[in-house]
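Undergrad: Attaching a single structure in structure tokens format; questions to follow.
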Amino acid sequence: MAANGTPKDESDSDASPAFAGPPLTTRQGQPVSENQHSRTVGNRGPATLENYHLLEKIAHFDRERIPERVVHARGAGAHGYFEAYGTVGDVPISTYTRARLLQENGKRTPLFVRFSTVVHGGHSPESLRDPRGFAVKFYTEDGNWDLVGNNLQVFFIRDAMKFPDLVHAFKPDPVTNRQDANRIFDFVSLSPSAMHMVTFLFSPWGIPQDYRHMRGSGVHAYKWVNEAGHAVLVKYHWIPSQPEVNLTQAQADAIQSTNFNHATQDLYDAIESGNFPEWELRVQIIEDHAHPELDFDPLDPTKVWPPEQFPLRPIGKMVLNRNPVNYFAEVEQVAFGTGVLVDGLDFSDDKLLQGRTFSYSDTQRYRVGPNYLQLPINAPKVQVNTNQRDGAMTYHVDALGQGANPHVNYEPTSRGGSQEQSKGAPAHEPAYEARLVRSAIDRTNDYGQAGDRFRAFEDWERDELVSNLVGALAQCNPDIQERMVGHFSQCDSNYGRRVAEGLGLTVNGVAAVPATVAATS
Ligand code: HEM
């Protein structure tokens with residue numbers, strides 16, 4: 001049978017194709033006239049080793065996969081644009097930041113977004129309880145800006161030292177290759193900083209309906225810097241124009257029984273049909289200092305800045321209006337990082353943020369390769385002039401075509417190489433006077449906001465939270481159950497009581513009577 005489905009005999013390998021389309025070639029550009037049969041000694045074989053087309057085809061196939069992301073392996077992406085409002089509420093945005101992409105009302109910046117789940121592999125179900133990643137790459141006139149966040153507003157830990165432990169506990173057991181509630185809650189029950197995130201995660205927020213119907217958040221405090229070099233602390237929130245919809249466990253189970261790609265499908269189909277999803281970018285702003293008047297540290301990524309105290313103020317909107325042409329080239333190879341900022345945006349002193357900033361580019365040099373920033377999906381849409389040269393998969397040399405001297409790959413130079421630019425506005429130069437220490441922050445307050453969150457949920461959300469936690473903790477050892485009930489009781493006495501009752505523990509959580517274990521996995 002020929003590729004077009006018509007019968008084909010041995011003599012017709014150069015027959016004209018029945019369908020219109022560009023000529024098939026090898027990667028070397030030679031036309032391919034035989035794509036059905038290997039070259040063989042007689043038609044029964046054996047095949048011969050000089051079959052260049054066959055060997056190239058198989059060899060490329062053998063190398064189709066790169067390492068998947070160590071976390072957030074399953075994702076979906078789309079292109080779109082950001083449109084600035086030029087203001088923060090009623091105030092010109094220049095009051096706070098000189099970032100050029102944000103200054104003018106109506107100014108558009110192209111962007112690429114990747115949404116993801118965290119724990120499991122590249123083709124795992126999208127209906128699992130898991131934080132959702134929400135990563136945005138803005139291709140600005142001053143180079144790229146990445147905002148790499150999640151849908152839950154907070155995080156489990158506040159020190160990058162704990163990230164590999166956290167992820168190992170949530171990933172499958174290294175012996176059985178199964179995710180194990182005992183491993184997860186062993187770690188969590190000894191990590192009180194996780195209580196706020198766990199309260200979000202086991203509520204319906206832990207399974208948003210799909211990517212279009214969820215919010216995003218930068219989680220960390222970042223800084224904005226204005227023309228005078230003055231900085232404020234800022235938190236980012238993406239609020240969908242689509243309704244925010246989260247699922248019960250039963251609803252998620254029903255979806256998963258028929259479709260494990262539902263969120264990818266929903267995003268792709270919506271954009272393909274012209275129903276472009278939108279989010280408004282809103283910010284919270286506070287002065288850049290320790291804020292001793294608060295019962296939490298504003299740099300603590302396990303905390304929200306209460307919106308009634310620090311209102312969310314709109315600064316622009318994002319529209320996703322174009323699907324990727326190739327999943328691998330765009331969604332798989334896109335590389336986001338928290339170190340990718342433009343002038344007017346800055347890091348805060350959040351120590352988790354510094355750990356992340358090392359991790360992203362480091363893993364991408366391994367996952368995609370040292371020249372990952374030359375790939376079209378990652379390359380900024382402005383001229384790049386570095387003196388970096390060579391390395392695996394070098395695709396082009398920076399600055400050629402700009403009249404630059406190709407002999408010069410160093411600086412300073414008087415021979416036509418790239419030159420340092422004069423400083424624009426004054427740099428933000430915070431002063432420090434502190435001891436170098438290894439120590440927790442002062443205002444950990446691990447239970448306060450988790451309790452607030454428990455009380456703020458609607459009744460059905462609280463019911464789901466308790467039932468989901470009881471379902472997961474029923475699989476855990478009694479000591480772990482007791483520790484978790486102890487934590488929940490400190491968040492809110494009803495929280496602890498309800499989980500304890502569900503597990504069959506006594507109300508004060510001390511004398512444990514384990515419930516009948518109803519394993520769900
Ligand atoms: C110290 C803490 C953290 C470390 C070390 C870390 C590390 C990583 C690594 C290694 C990746 C894979 C990147 C790649 O292969 O391209 C990743 C992906 C990601 N992380 Fe983190 N992460 C941390 C905390 C967080 C937090 C707090 C958030 C949310 C605010 C977050 C959001 C994401 C997202 C959205 C992705 C997927 C990006 C994409 O779609 O390509 N991470 N992280």
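Undergrad: Within the stretch 52-77, how many residues turn out to be touching a residue at least 24 places away in the same chain (Cβ under 8 Å), more than 12 Å from Glu332 (Cα to Cα) and open to solvent by less than 70 Å² (accessible area, probe 1.4 Å)?
TA: Adding up the residues that qualify gives 2.
Undergrad: What are the residues in the stretch 105-137 that are in contact (Cβ under 8 Å) with a residue 60 or more places away in the chain, more than 14 Å from the ligand (Cβ to nearest atom) and more than 14 Å from His72 (Cβ to Cβ), if any?
TA: Selection gives Pro110, Pro125, Ser127, Arg129.
Undergrad: Restricting to the stretch 206-233, name every residue that is over 28 Å from Asn275 (Cβ atoms), more than 15 Å from the ligand (Cβ to nearest atom) and not charged (D, E, K, R). Explain how you work it out, then say what you get.
TA: In the first step, residues of the stretch 206-233 are kept if they are over 28 Å from Asn275 (Cβ atoms); the result is 219-233.
Of the ones still in play, those that are also more than 15 Å from the ligand (Cβ to nearest atom) are 223-233.
Listed by number, the residues that qualify are Trp224, Val225, Asn226, Ala228, Gly229, His230, Ala231, Val232, Leu233.
Undergrad: Report the residue count in the stretch 157-179 for those that are away from the ligand (no atom under 16 Å from the Cβ) and either within 23 Å of the chain's Cα centre (by Cα) or in contact (Cβ under 8 Å) with a residue 12 or more places away in the chain (or both). Walk me through how you get there before you give the answer.
TA: Start the filter on the stretch 157-179 by keeping residues that are away from the ligand (no atom under 16 Å from the Cβ), which leaves 172-179.
Then keep just the ones that are either within 23 Å of the chain's Cα centre (by Cα) or in contact (Cβ under 8 Å) with a residue 12 or more places away in the chain (or both); that gives 172, 178-179.
Residues flagged as away from the ligand (no atom under 16 Å from the Cβ) and either within 23 Å of the chain's Cα centre (by Cα) or in contact (Cβ under 8 Å) with a residue 12 or more places away in the chain (or both) within the stretch 157-179 amount to 3.
Undergrad: When residues of the stretch 40-89 are filtered for being over 30 Å from Arg365 (Cα atoms) and not in a loop (DSSP other than H, G, I, E, B), how many remain? Walk me through it before giving the result.
TA: Start the filter on the stretch 40-89 by keeping residues that are over 30 Å from Arg365 (Cα atoms), which leaves 40-54, 83-89.
Those left that are additionally not in a loop (DSSP other than H, G, I, E, B): 40, 47, 52-54, 83-84, 87-88.
So the answer is 9.
Undergrad: Would you please name the residue that is most open to solvent (accessible area, probe 1.4 Å), looking only at residues in the stretch 416-444 that are modelled with pLDDT under 90 and farther than 29 Å from Thr97 by Cβ?
TA: Step by step, filter the stretch 416-444, then rank; the result is Gly416.
Undergrad: Can you tell me which residue among Asp343, Asp300, Asp266 is in contact (Cβ under 8 Å) with a residue 60 or more places away in the chain, in the same structural domain as Glu83 (by TED's automatic domain parsing) and surrounded by fewer than 21 Cβ atoms within 10 Å (Cβ to Cβ)?
TA: Values: Asp300 fails: surrounded by fewer than 21 Cβ atoms within 10 Å (Cβ to Cβ); Asp266 fails: in contact (Cβ under 8 Å) with a residue 60 or more places away in the chain.
Every option except Asp343 fails the conditions.
Undergrad: Taking Leu101 as meeting all but one of (1) touching a strand residue (DSSP E or B) at 6+ places or on another chain (Cβ under 7 Å); (2) in contact (Cβ under 8 Å) with a residue 60 or more places away in the chain; (3) hydrophobic (A, V, I, L, M, F, W, C); (4) within 13 Å of the ligand (Cβ to nearest atom), write down the number of the exception.
TA: Only one criterion in (1) touching a strand residue (DSSP E or B) at 6+ places or on another chain (Cβ under 7 Å); (2) in contact (Cβ under 8 Å) with a residue 60 or more places away in the chain; (3) hydrophobic (A, V, I, L, M, F, W, C); (4) within 13 Å of the ligand (Cβ to nearest atom) is unmet by Leu101, namely (4).
The values are calculated or read from the model by the stated rules, or taken from the named source; none is laboratory data. If you're wondering where the values come from, they're calculated on a predicted model, not measured in any experiment. Cβ: placed from backbone, ideal geometry, glycine included. Neighbour counts: every protein chain shown. These area figures cover heavy atoms from the full protein model, side chains too; ligands, DNA and RNA do not enter into them. Shrake-Rupley method; radii C 1.70, N 1.55, O 1.52, S 1.80 Å.
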